[in-house]
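Q: Quick one: this structure, given as structure tokens, is what I'll be asking you about.
The values are calculated or read from the model by the stated rules, or taken from the named source; none is laboratory data. Quick caveat, the model's predicted, so the values are computed rather than measured. Neighbour counts are summed over all protein chains in view; Cβ atoms, including those assigned to glycine, are modelled from backbone coordinates with ideal geometry. Surface areas here come from the heavy atoms of the whole protein model, side chains and all, with no ligands, DNA or RNA. Shrake-Rupley method; radii C 1.70, N 1.55, O 1.52, S 1.80 Å.
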Amino acid sequence: MSGAGVPPSPPPARGSGLRVTEIFTSLQGEAREMGRPTVFVRLTGCPLRCRYCDTAHAFSGGTVRSLEGVLEQVAAAGVGPVCVTGGEPLAQPACLPLLSALCDAGHEVSLETGGALDVSGVDPRVVKVLDLKTPGSGESHRNLWSNLDHLGPRDQVKFVLMDRADYDWARWVMERHALPERVEVLLSPVADRLSPVELAEWIVADRLPVRFQWQLHKLLWGDARGR
């Protein structure tokens, strides 16, 4: 689902709050913390239009919320891990103070970002999950490669793959930037486009030092929102 033609909602004016699509509690469906109960804060808006996007409902709309209101709702959920996602959360300037405030409140915080926007200002306590866009996404030209200089061993780089060409491209990027020696690397197939079995067999055959992942929430609940 590309969401082409859907104009993004403008972010709130600086200091006026956060535009939020939804806040919900579910199991983390991806990355290192897969399977853990997690509060998700989905911010509205994204400058990218990936061909396989499954969160186009976050491109526009949403509700402007105060930072304090978001923190209160997250605290009420009674869950430690928090994932700030989108859309593209870093498209909103108020995302950075939100991340720091969640850390200050004692949460384990992760950020899911598409990699086109600068991550250098992200609180170092936050685990960054950086989604490098492959050629199959149609947005690989938007990757901000300097972001790789701001990743540490706790962070993760994700490649969402459409086909064998994307897989070969991901291998090239991994080798060129020595990613497995610096961060955890995640490879994930696009649903209904690349067979997860085929991807798993490529990884095993090549002995890649990566983590295969398949979106747990989709296996459990399909495309239901708030899951």
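So that you can scan it fast, the table gives a plain yes or no per residue for (1) among the hydrophobic types (A, V, I, L, M, F, W, C); (2) open to solvent by 10 Å² or more (accessible area, probe 1.4 Å):
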{"residue": "His57", "(1), (2)": "no, yes"}
{"residue": "Ser60", "(1), (2)": "no, yes"}
{"residue": "Ala75", "(1), (2)": "yes, yes"}
{"residue": "Pro81", "(1), (2)": "no, yes"}
{"residue": "Leu99", "(1), (2)": "yes, no"}
{"residue": "Ala105", "(1), (2)": "yes, yes"}
{"residue": "Asp118", "(1), (2)": "no, yes"}
{"residue": "Pro124", "(1), (2)": "no, yes"}
{"residue": "Ser140", "(1), (2)": "no, yes"}
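Q: Can you tell me how many residues in region 161-183 are out of contact with any Pro (no Cβ under 8 Å at 6 or more places or on another chain) and in contact (Cβ under 8 Å) with a residue 24 or more places away in the chain?
A: 9
Q: What's the total number of residues in region 62-99 that are polar (S, T, N, Q), farther than 11 Å from Val41 by Cα and either in contact with a His (Cβ under 6 Å, 6 or more places away or on another chain) or part of a strand (DSSP E or B) (or both)?
A: 1
Q: Name the pairs: first residue in region 189-214 and more than 14 Å from Asp168 (Cβ to Cβ), second residue among the polar types (S, T, N, Q) and in a loop (DSSP other than H, G, I, E, B), Cβ to Cβ under 8 Å, at least 6 apart or on different chains?
A: Once the first residue is more than 14 Å from Asp168 (Cβ to Cβ) and sits in region 189-214, its partners that are among the polar types (S, T, N, Q) and in a loop (DSSP other than H, G, I, E, B) give Pro189/Ser195; Ala191/Gln215.
Q: Of the residues in region 31-46, how many are closer than 17 Å to Gly80 by Cα and either hydrophobic (A, V, I, L, M, F, W, C) or open to solvent by 10 Å² or more (accessible area, probe 1.4 Å) (or both)?
A: Number of matching residues: 11.
Q: Scan region 66-88 and report the pairs whose first residue is without any contact (Cβ under 8 Å) to a residue 40 or more places away in the chain and whose second residue is assigned to a strand (DSSP E or B) and open to solvent by 20 Å² or more (accessible area, probe 1.4 Å), with Cβ atoms within less than 9 Å and a gap of 6+ or a chain change.
A: Gly78/Thr25; Gly80/Pro37; Gly80/Glu108
Q: If a residue must be more than 19 Å from Val119 (Cβ to Cβ) and in contact with a Gly (Cβ under 9 Å, 6 or more places away or on another chain), how many such residues does region 154-193 contain?
A: Counting residues in region 154-193 that are more than 19 Å from Val119 (Cβ to Cβ) and in contact with a Gly (Cβ under 9 Å, 6 or more places away or on another chain) gives 8.
Q: I'd like to verify a number: residues in region 145-193 that are assigned to a loop (DSSP other than H, G, I, E, B) and either touching a helix residue (DSSP H, G or I) at 6+ places or on another chain (Cβ under 8 Å) or surrounded by fewer than 16 Cβ atoms within 10 Å (Cβ to Cβ) (or both), how many?
A: Qualifying residue count for the region: 12.
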